[in-house]
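All remarks here apply to the structure that follows.
Derivation of every value follows stated rules applied to the coordinates shown; laboratory data play no part. Here the structure is a predicted model, which is why all the values come from computation and not from measurement. Counting neighbours? That spans all protein chains shown, and the Cβs are built from the backbone with ideal geometry, glycine included.
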Amino acid sequence: MRHMGPSLGRVPDEALLTGLTTGDQEIAVAFVRRFQRVVFGVAVAVVGDPQLAEDIAQQTFERAWRHAQVYDPRRGSVRSWLTTIAHNLAVDAVRARRATPVAPEDLDALLGSVTETPERWAVAEDGSARVRRAVRQLPPEQARALVMAGIYGMTAREVAAFESVPLGTAKTRIRAGTAKLRTALEREEEGR
């Protein structure tokens, strides 16, 4: 690797970012050195764990390298773009640590605990059994998303982070699961 010359130290941030796409190792090193403190600082401020913050910083630079071509200077500086990436990854890491997985076979217990409130005792046994049957008919990914959102109160963004899927996919799973559940329960009610 060549030594970073003084000229690379004065290159504008946008030019360094563009240079990442060329695969030039010297440019990549200069880019990381310029932003490593701020990226690490954002990550450690959010997660509070230096080791995890290092991983997040690494992921931030990898994401910047993969998506350098979509950076739009009209939407903000390279610095703000990178800190946004770091912040989002750090928040996702915190949420992933906080979330608890729900196995489909645990849905019965979860649904039972939700319906066992004083005002619902009269209909709990019949209603929870109907809901459990309907949830078991859902595709597993929709059932998980629906339970995480409906029972655990997770947002679609939290479900997406936990399931490692895009936000739109999480929203679709929640909406589709809710619609299918509603349809199944209405059909059962009509059949009575």
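This model, with +1 at the C-beta of Lys and Arg and -1 at the C-beta of Asp and Glu, gives the stretch 15-75 a dipole about its Cα centre of some 280 debye.
What's the extension gain from Ala176 to Arg79 if we count 0.36 nm per residue and subtract their Cα-Cα distance? Stretched out fully, the Ala176 to Arg79 stretch lengthens by 31.1 nm. Taking the average, over residues, of other Cβ atoms within 10 Å as the packing measure, peptides 72-78, 130-136, 87-93 rank 87-93, 130-136, 72-78 from highest down. Working from Cα pairs under 8 Å separated by at least six residues, relative contact order for the stretch 5-77 is 33 percent. The stretch between Arg130 and Ser164, if pulled fully straight at 0.36 nm per residue, gains 9.2 nm over its current Cα-Cα span.
Computed from backbone phi with θ = phi - 60° and the Karplus coefficients 6.51, -1.76 and 1.60, the 3J(HN,Hα) list for the stretch 24-38 is 6, 5, 5, 5, 4, 4, 4, 5, 4, 4, 5, 10, 4, 5, 5 Hz; x is used for glycine and proline. For Met154, nonlocal amide neighbours, meaning residues 5 or more places apart or on other chains whose placed amide H falls under 5 Å from its own, are Ala149.
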